[in-house]
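One structure below.
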Amino acid sequence: MLPPDVRDWLPEGHLAWVVIDAVETLDLAALISTYRLGGRGRRAYDPTMMLTLLIYAYCCGQSSSRQIERLCEHDVAFRVITGNQRPDHDTIAAFRAGHREVFKDLFTQVLTLCREAGLGRVGTIAVDGSKFAANASSRANRTAAGIDRALHTDTGGGVTGGSLTGGSVTGGGDGSGEREGSGQGEFDLGVLVEARLAAAENTDAGEDAEHGPGRRGDEPPEDLTDPGRRRARFAQAREKIRAREQAATAQAAARQARYEQATAAREAHRGEHGSYPPGRPPTEPTAPDQSQPLRVNTTDPDSRSLRTAQGFLQGFNAQAAVSDDQLLLAIEVVDQANDYGQLAAMTRAALANLTAAGITDPVETVLADAGYFHPGDLDTLHAAHRTHHGPEPLVPPNRDALRDPADQQPPRQQSPRAKAMRARLAEPDQRARYRRRSATVEPVFGQIKTRISNRFRLRGLEAVRAELALIATAHNLLKLHTARTTG
């Protein structure tokens, strides 16, 4: 016999109770203010319940709105959270898409709860980046010429030249090649027909529930079939290419200016002292490769084709700052393929969130891999360390800097900044501290991708940033649950 109250089905200490209790303590005024009182139409689901449902679903690794809808029907914890209500997937998806700013604010509030539970060892923090898949296919990447052709030839009658989905038209059946009733013996044709009709009705009902009445489920997205929205999407992608071309031109000009400045300083040194300063001469920057035109994804123009160890991924570059006990302190999604130039911004964000969460312990060191060795960032952090007692960066100039000094080849990078960092990393205690980096921040991304999600459901940079805040909130709540159940 089941208990009469559905809440009695869950044991004490269950993750659902941790999420429910956490959400009840949060300041949700910004969320609740978006709901109007009175008026016509069906009453909206309680926003606190919807938020709890979404956070718990992400904690369980469920980000699909359709799967969350199914779980609200048969999973005990989901039914406890919803009070046996069953919001459909459209409602869940609309709630997630419509409250992006709320998710960003929740992250720091949950960080406060973690601090109250004793989490957040922040003497040393680590920064790293990882690639997450976008809600877009790499097959939708187009050059500017391809987008211009699409805009020119689009007459509003749909995309021509074949199937939009890339699928093929096939016959019915399950593909087994077998025909029912072909075996030996007799069968009742009436019973078989009734069974087939009943199965067909069940299938129709299920597909109506999943895709909506009057829809097959294999229709192309409205962004492709609606002429106005399709042209707007292509125009957005074309503008993104133009912006990236301008950024690439500006970066090339900045590199050339730095080269000319360094060359002039070197010549001035020779004129004053009769010889060039020690070190290699500056290398003249190469011209940008014009043979491969820029491509932008027409489904999500903010996403990029990113190189990973497994090949190329259409996705986003997510950044994270993590405490020594693997609590997320700051998260961000950046519109570039690498981590260069992100260290100072992520450190500032982590310090601001720690202050907002009431975590006052000083951050002494920030660790990052060689991809973050950006001169401007390092100068900024060193200056803050000297004047405001901010964290001191520990970032190798390249991977060889972590090897034993006796085994290293002569370093290619001879700048004073690189020499000073190599000297610090040569100290046994600093080298041991740095080696904690891989055991601190890298497992966090592994936990997120394994337990929560390795891809985004929303599209667009700002929407993806909000979803990452939701993912990070779920991760920290999982840490809070572990602390409460094991402590």
> What is the distance, in nm, between label points placed 7 Å from the Cα along the Cα-to-Cβ direction at residue 386 and at residue 361?
Replying inline: 2.9
>> Give me the one-decimal nm value for the distance between modelled label points at residue 439 and residue 370, 7 Å along each residue's Cα-to-Cβ direction.
In response: 2.3
> What is the fewest-to-most order of 322, 127 by other Cβ atoms lying within 10 Å of their Cβ?
Replying inline: 322, 127
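How do 63, 438 line up, fewest other C-beta atoms within 10 Å first?
Working: 63 22, 438 13.
Final ranking by Cβ density, sparse to dense: 438, 63.
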> Counting other C-beta atoms within 10 Å, which of 119, 10 has the fewest, and how do the rest follow?
Replying inline: 10, 119
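Stretch residue 415-residue 287 to full length: gain in nm at 0.36 nm per residue minus the Cα-Cα span? Write out the running numbers ahead of the final one.
Numbers: separation 128, 0.36 × 128 = 46.08 nm, distance 2.38 nm.
Working it through step by step, the gained length comes to 43.7 nm.
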> Relative to a virtual label point 7 Å from the Cα of residue 48 in the Cα→beta-carbon direction, which members of the stretch 64-100 show backbone nitrogen distances below 14 Å?
Replying inline: 81-83
> Between residue 352 and residue 275, 0.36 nm times their residue separation minus their Cα-Cα distance comes to what?
Replying inline: 23.0 nm
> In terms of modelled amide H atoms, which long-range or inter-chain residues lie less than 5 Å from the amide H of residue 128?
Replying inline: 320
> According to the square roots a ≥ b ≥ c of the eigenvalues of the Cα gyration tensor, what is the shape class of the stretch 6-98, taking rounded for a/c under 1.5, prolate for a/b larger than b/c otherwise, and oblate for the remainder?
Replying inline: prolate
>> For a Förster distance of 35 Å, can you work out the FRET efficiency between the beta-carbons of residue 76 and residue 461, rounded to the nearest 0.05?
In response: 0.40
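Using 1/(1 + (r/R0)^6) with R0 = 60 angstrom and r between the beta carbons of residue 21 and residue 239, what's the FRET efficiency to the nearest 0.05?
0.85
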>> Distance cut-off 26 Å, Cα to Cα: go down the list 419/449; 131/419; 104/449 and report the pairs above it.
In response: 419/449; 131/419
> Full extension from residue 261 to residue 32: what is 0.36 nm times the residue separation minus their Cα-Cα distance, to one decimal in nm?
Replying inline: 76.9 nm
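Bear in mind these aren't lab numbers, they're just calculated from the coordinates by the rules spelled out. Small disclaimer: the values here were computed from a predicted structure and weren't measured. Counting neighbours? That spans all protein chains shown, and the Cβs are built from the backbone with ideal geometry, glycine included.
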